[in-house]
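The structure appears right after this line, and notes come after that.
The values are calculated or read from the model by the stated rules, or taken from the named source; none is laboratory data. Just so we're clear, the structure is a prediction, and the values are computed from it rather than from any experiment. Virtual Cβ from ideal backbone geometry, glycine too; neighbours counted across all protein chains shown.
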Amino acid sequence: MTQGASVGVAVAFLAGVLSFLSPCVLPLVPSYVSFITGLSLDQLEQRRWTAVTHALLFILGFTLIFVALGATATQLGRLLNYHQVWLERVGGGLIVLFGVYLLGGFHWMLLERERRVQIQNKPLGYLGSVLVGLAFGAGWTPCIGPILGSILLYTSTGANLEQGMVLLLAYSLGLAVPFLLAAVAVERFVGWFRRYRRYIPLTTRLTGALLVAVGLLVATGYFSLLAGWLQALTPEFLRSRL
């Protein structure tokens with residue numbers, strides 16, 4: 001894996017974690033867990049393996065959607081490969097724009113409209129959890145949209161098909177790992193969320209600042225500089241495995 005690709009995977013994973021911490025996802029996690037399992041919060045503590053199984057199937061659903069989006073974005077980027085320099089500039093500029101939006105610099109009605117797929121009654125069984133995950137992945141929310149959109153834009157500017165799918169898989173894992181941990185220990189998650197809730201606006205602004213920085217690097221073609229700097233900080237025994 002090249003330096004730029006490895007750093008891109010790390011950034012994509014971090015973007016997934018930040019999506020989980022966004023105000024459109026984090027407060028709804030207990031409800032999602034209870035919905036896909038059909039269990040109350042008290043029952044979830046007693047039937048952890050049931051919660052884990054349904055959570056993994058839910059994760060599978062939205063991962064399939066995100067990886068498919070990554071493949072689509074990559075193919076689109078390959079079609080526009082002749083205009084690669086301009087694709088990087090425009091894509092980086094849009095990532096900066098998403099970052100400024102999260103920083104509160106302006107309002108964008110397209111991003112502020114709720115576009116999440118609504119499912120009133122979950123289908124029975126394990127297949128239902130996969131379908132809910134697919135619906136979650138296909139949805140569009142004001143918070144997850146700029147972050148996911150930025151990863152897709154970055155993917156379209158330089159990744160091949162395999163790298164594009166890996167990037168969106170990393171993004172999905174960043175969203176999946178904390179969700180799975182919340183499903184395993186939902187009561188602890190609720191207690192942690194009550195303490196963390198006050199910091200959600202700060203997390204959103206930090207996410208915006210990260211997108212601005214990444215967007216500028218992509219637009220100017222200097223994303224590889226970040227990769228080289230991080231590569232220099234990586235121990236030799238890890239570098240040999242990348």
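Residues in the range 81-92: is at least one of a type in the set (G, A, S), at pLDDT 75 or above, surrounded by 12 or more Cβ atoms within 10 Å (Cβ to Cβ) and touching a Lys or Arg at 6+ places or on another chain (Cβ under 7 Å)?
No, the range 81-92 has no match at all.
Which of the helices (runs of 4 or more DSSP H) found entirely inside the range 21-82 contain at least 3 residues meeting this: within 24 Å of L102 (Cβ to Cβ)?
It comes to 29-37, 48-79.
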